[in-house]
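Colleague: Handing you this structure, nothing more for now.
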Amino acid sequence: MLKKIVLAGGTGFIGQYLERAYTNDGYIVHIISRQPGQVSWNDERAIVDALEGAEMLVNLAGKSVNCRYTEKNKREIYESRTRTTEALGTAILKCKTPPKLWINSSTATIYRHAEDRPMTESTGELGTGFSVDVGKAWEDVFFRFKLPKTRQAALRMAIVLGADGGVMEPYVNMVRFGLGGKQGEGKQMFSWVHIEDVCRIIEFLKQRKDLQGIFNVSAPNPVTNKELMAHMRQAMGRRAGLPAQKWMLELGAMVLGTETELILKSRWVLPERLEKEGFRFQFDHLDRALWQIVQELKQEQ
Ligand SMILES: NC(=O)c1ccc[n+]([C@@H]2O[C@H](COP(=O)([O-])OP(=O)(O)OC[C@H]3O[C@@H](n4cnc5c(N)ncnc54)[C@H](OP(=O)(O)O)[C@@H]3O)[C@@H](O)[C@H]2O)c1
C-alpha cells in the first residue's frame, strides 16, 4: 500500500519543501488548504479521509506574522493557528486509523527576549506579549487533544532559512542596497535553522517512535544580529554595509507593512532535546548555511 502524509497549510515555504521531499521519497502527499484543488478546511469529511491511515500529519497553517499588528491582522494570526489546530484534532478523533504522528508548528518566539542566557525546553522561560500569547494558545489547543494512537510533537521553530522563502529575500536585498550593517544595537540574538534541517528533524521524529512533546527547532550555534549581518555580507561578497538604527527600522517597518519585533527581539534558543536524542544538524554554523543558500539563489537567477 502507498504511504501517505498530510500537510496542513502545506502550500507555503516549509510545506512546499516537505511536499517535494516526501513526493520524491514515494509518498502520496495530501494538502489541506484554503486554495482550490486541495483538501478544503471547510470539508471535514475530506479532511478525515485524508488523515485515515496517514503516517504523519504536519500542520503548518498560519497567517504570516510579517504584517502590521493591527487588530484585524492580530485576530487572523491567532485564529489561523488555533482554529486549524482545533479542526485537525477534531478530525483525528473521527478517524478509524488515525495518523501515527501529528507534528504541529509552534514558535521559538514563545520564549522571552533573552540577551542573558539561552532558552532550552527544560530551562527556558516563556515571554509576554502578543506573539508569545499566540504561541501559548497554539500549543494549548494542540496538547489539549489526548490521542491514544497518535504521537504529538510541537516544533518551537526559530527563523527558518532557505532559498525559496522566509526572511532570506529581505536580508539579501538589504545587503544588496548597502544596508547590510547591524540592526538596532546588533546585540540581539538571532536563532535560526536551515530548512533542510527542519525536514530532517521532521523525518527524525517520524522514525523515533519513542519521542513526543515540545522540541526547539533551532541550530546549535545562534549568533548576534551583528554577526548575522557580517555573515550575510561575507556570503554575498560585500565588504561594508550601513547600520540601521531603531528609529530607521521603525519607519521602514511602517512603510513595508511589518513589525520591528521580527528583527529586534533577542531570540536565543538551543535545541537541547534534539541534541540529547542524537540528532545531528547538517547546517550547524551560519556561514555554511548562508553560503549554501546564496549559491542556490545565484543558480536560480
Ligand atoms: N518560516 C519561519 O521562519 C517560521 C518560524 C517559526 C514558525 N513558523 C511557523 O511555521 C508555519 C509554516 O511556516 P511557513 O514559513 O511555511 O509559512 P507560510 O509560507 O506563510 O505558509 C503558511 C501557510 O498557512 C496557510 N495560511 C495562511 N493564512 C491562513 C489563514 N488565515 N487560515 C488558514 N491557513 C492560512 C497558507 O496556506 P493556504 O494559502 O494554502 O491556505 C500558507 O501557505 C507557520 O505557522 C509559521 O508561523 C515559521
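Please treat every number below as a calculation from the coordinates, not as lab data. Fair warning: this is a prediction, and the values are worked out from it, not measured in the lab. Cβ sites come from the backbone with ideal geometry, for glycine too, and all protein chains shown count toward neighbours.
Colleague: Taking each pair of different alpha-carbon atoms in the chain once, compute 1/r for the pair, average those values, and report the inverse of that mean as the Kirkwood hydrodynamic radius in Å to one decimal. Show your work: numbers first, answer last.
Modeller: On the way: mean 1/r = 0.0502 Å⁻¹.
Value: 19.9 Å, from the Cα pair sum.
Colleague: Could you tell me how far the Cα centroid of segment 57-116 sits from the Cα centroid of segment 237-301, in Å?
Modeller: 22 Å
Colleague: Taking N as the number of residues in segment 123-234, what is its Cα Rg relative to 2.2 N^0.38 Å?
Modeller: Numbers: Rg = 16.9 Å, N = 112, 2.2 N^0.38 = 13.2 Å.
Normalised by 2.2 N^0.38 Å, the Cα Rg of segment 123-234 equals 1.28.
Colleague: Separate question: For labels at residue 276 and residue 55 in the simple 7 Å Cα→Cβ model, what's the distance in nm?
Modeller: Roughly 2.8 nm, to one decimal.
Colleague: Further, regarding this structure: Compute, for segment 32-187, the length of the dipole vector about the Cα centre, with Cβ point charges of +1 (Lys, Arg) and -1 (Asp, Glu) only. Units Debye, rounded to 20. List each step's numbers first, then the result.
Modeller: On the way: 23 positive and 19 negative charges, 30 e Å.
Approximately 140 debye in magnitude.
Colleague: With θ taken as phi - 60° and the coefficients 6.51, -1.76 and 1.60, list the Karplus ³J(HN,Hα) couplings across segment 279-291 in order, rounded to whole Hz; mark glycine and proline as x.
Modeller: Working through the residues one at a time gives 6, 10, 6, 6, 10, 9, 10, 5, 4, 5, 4, 5, 4 Hz.
Colleague: Okay, helix-only estimate at 222 nm for the chain: each DSSP H run of n ≥ 4 adds -39500 (n - 2.57), divide by all residues, round to 500 deg cm²/dmol; what do you get? Walk me through the numbers on the way to the answer.
Modeller: Details: 11 runs with 126 residues, N = 301.
Rounded to the nearest 500, the figure is -13000 deg cm²/dmol.
Colleague: HN-Hα J couplings of segment 179-190 from phi, Karplus 6.51/-1.76/1.60, θ = phi - 60°, integer Hz, Gly and Pro as x?
Modeller: Running phi through 6.51 cos²θ - 1.76 cosθ + 1.60 with θ = phi - 60° gives 9, x, x, 5, 10, x, 6, x, 8, 4, 7, 10 Hz.
Colleague: Here is a follow-up. For segment 1-102, what is the convex hull volume of its Cα atoms per residue in Å³? Let's see the in-between values first.
Modeller: Working: hull volume 9.9 nm³, N = 102.
In segment 1-102, the Cα hull volume divided by residue count equals 97 Å³.
Colleague: Cα centroid distance between segment 153-202 and segment 1-39, in Å?
Modeller: 23 Å
Colleague: Report D for segment 206-301 in µm² per second (integer): Stokes-Einstein, Kirkwood Rh on Cα pairs, 10 °C, 1.306 mPa s. Before the final figure, lay out the partial values.
Modeller: Numbers: Rh = 16.2 Å.
Here the translational diffusion coefficient equals 98 µm²/s.
Colleague: Using only Cα atoms, tell me the angle between helix 130-144 and the longest principal axis of the chain; keep it within 0 to 90° and round to the nearest 10.
Modeller: Result, in degrees: 20.
Colleague: Let me ask another. Determine the gain in length on full extension of the stretch residue 144-residue 116; use 0.36 nm per residue of separation and subtract their C-alpha separation, reporting nm with one decimal. Don't jump to the answer; show the numbers that get you there.
Modeller: Values: separation 28, 0.36 × 28 = 10.08 nm, distance 3.23 nm.
Contour length minus the Cα-Cα distance gives 6.9 nm.
Colleague: Net charge within 12 Å of residue 65 by Cβ-Cβ distance, Lys/Arg positive one each and Asp/Glu negative one each, not counting residue 65 itself? Write out the running numbers ahead of the final one.
Modeller: On the way: positive: 63, 68, 74, 81, 265; negative: 76, 259, 261.
The answer is +2.
Colleague: Right, another one. Give the long-range amide H neighbours of residue 224: residues separated by 5 or more places, or on another chain, with amide H under 5 Å away, using H modelled in the peptide plane at 1.01 Å from N.
Modeller: Residues meeting the amide H criterion: 190.
Colleague: What are the residues whose amide H is under 5 Å from the amide H of residue 152, where those residues sit 5 or more places off or on another chain and H is modelled from the backbone?
Modeller: Distant-sequence amide H within range of residue 152: 102, 213.
Colleague: Place a +1 charge on the Cβ of each Lys and Arg in segment 4-300 and a -1 charge on the Cβ of each Asp and Glu, then give the dipole magnitude about the Cα centre in debye, rounded to the nearest 20.
Modeller: Working: 41 positive and 36 negative charges, 25 e Å.
Approximately 120 debye in magnitude.
Colleague: Also, quick follow-up: With labels modelled as points extended 7 Å from the Cα through the Cβ direction, what inter-label distance (nm, one decimal) is found for residue 208 paired with residue 247?
Modeller: 4.9 nm
Colleague: Turning to a different aspect of this structure: Test of the criteria: in segment 138-181, which chymotrypsin sites (Phe, Trp or Tyr not before Pro) are in a DSSP loop and have at most 13 other Cβ atoms within 10 angstrom of their Cβ?
Modeller: On the way: sites: 138, 142, 143, 145, 171, 177; in loops: 145, 177.
Counting only loop positions with at most 13 other Cβ atoms within 10 Å, the chymotrypsin sites (Phe, Trp or Tyr not before Pro) in segment 138-181 are 177.
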